[in-house]
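Bear in mind these aren't lab numbers, they're just calculated from the coordinates by the rules spelled out. Just so it is clear, the structure is predicted and the values come from calculations on it, not from any experiment. Positions of Cβ are generated from backbone atoms using ideal geometry, with glycine treated the same way; all protein chains shown enter the neighbour counts.
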Amino acid sequence: MYSHSTDFPQEGKVSVRDDPDQRIFTVTINNLTAEDSDRYWCGVKRSGASDVGDRVNLSVTDGPPGLSVDKQEVMRVEGGSVSVQCRYGNNNKPKTWCKIGGSCASEKSGGLDGRPVLIRDDTENKVFSVTMSGLERKDTGWYWCAAGNLQIPVHITVKQGGDNEKLRWEQVLDAVLKAGTGVFYLICTIIAIQLHWTSCKKREPIREKQKVSLNQRKLAEEMTFIEQNESEEL
């Protein structure tokens, strides 16, 4: 029906994107209609050898999809975790999480190529969640949710250092804030001491004046007493 090559990618109805690192090419068909329902063929031409390929059956129906995810491309950092919500509607088939070129995990298996995987099925809301923790760069790739024969692809990219860098900056900011708080209290203490010293300096002249006035009063009283005695002797 459609024929496209990664050598001549086209935007519009059909586009092809090649990922040589993962050895995966992605075919996207936009604006699907019921007429797009058909059998397709993905193939790879090999020089000096037979071409390889596989068939894909595409069925386009009205109404909500039988299986969907909120995001088909997710980016995380090393050491972090990723959670994918797979909505399956009215489907009682077994739920699995698979990696293209690898194995599959289910609620019972709990692992995928040595990577712990937690799958929880919420039958009331008709969604099963897939959680992978302790991500590594090698976990980058294409996965898919599956409910019976229905599949929906999800691409996970694991990058280096994003959260670690963020964590370091948060630690630096926290240290700065703590240091800033200590400096603030130190400044407040210095200001309090300075105010107290200034107040004491202001009170010191008053005390000196009060002391001088008291001495003068005592001297006046003594002079008066001496004069009275001299008058009595005369």
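Odds and ends about this structure:
- Spatially, the stretch 40-111 and the stretch 134-159 are offset by 7 Å when compared through their Cα centroids.
- Karplus-based coupling profile of the stretch 79-87, in residue order and whole Hz: x, x, 9, 9, 10, 10, 9, 10, 9, with θ = phi - 60° in 6.51 cos²θ - 1.76 cosθ + 1.60 and x standing for Gly or Pro.
- Annotation: amide H-H contacts under 5 Å for residue 75 (H modelled 1.01 Å from N, sequence separation of 5 or more, or interchain): 157.
- Distance violations [Cα-Cα > 31 Å] among 45/93; 95/138; 99/126; 45/95: 45/93; 45/95
- Modelled FRET efficiency - R0 22 Å, residue 44 with residue 75, Cβ distances, 0.05 increments: 0.20
- At R0 = 30 Å, FRET efficiency that the Cβ-Cβ distance of residue 59 and residue 157 yields, to 0.05: 0.55
- This ranking places 144, 41, 97 by how few other beta-carbon atoms lie within 10 Å of each, fewest first, which gives 41, 144, 97.
- For the stretch 1-154, a simple Cβ point-charge model (Lys and Arg +1, Asp and Glu -1, everything else neutral) yields a dipole of about 360 debye relative to the Cα centre.
- Near residue 94: Cβ cut-off under 15 Å, other residues only, Lys/Arg at +1 and Asp/Glu at -1. The net charge is +3.
- The stretch 1-129 - Debye-derived log10 I(q)/I(0), Cα point model, q = 0.11, 0.16, 0.18, 0.19 Å⁻¹: -0.56, -1.13, -1.30, -1.35
- Sequence-distant contacts, meaning Cα pairs under 8 Å at least 6 residues apart, place the relative contact order of the stretch 76-167 at 37 percent.
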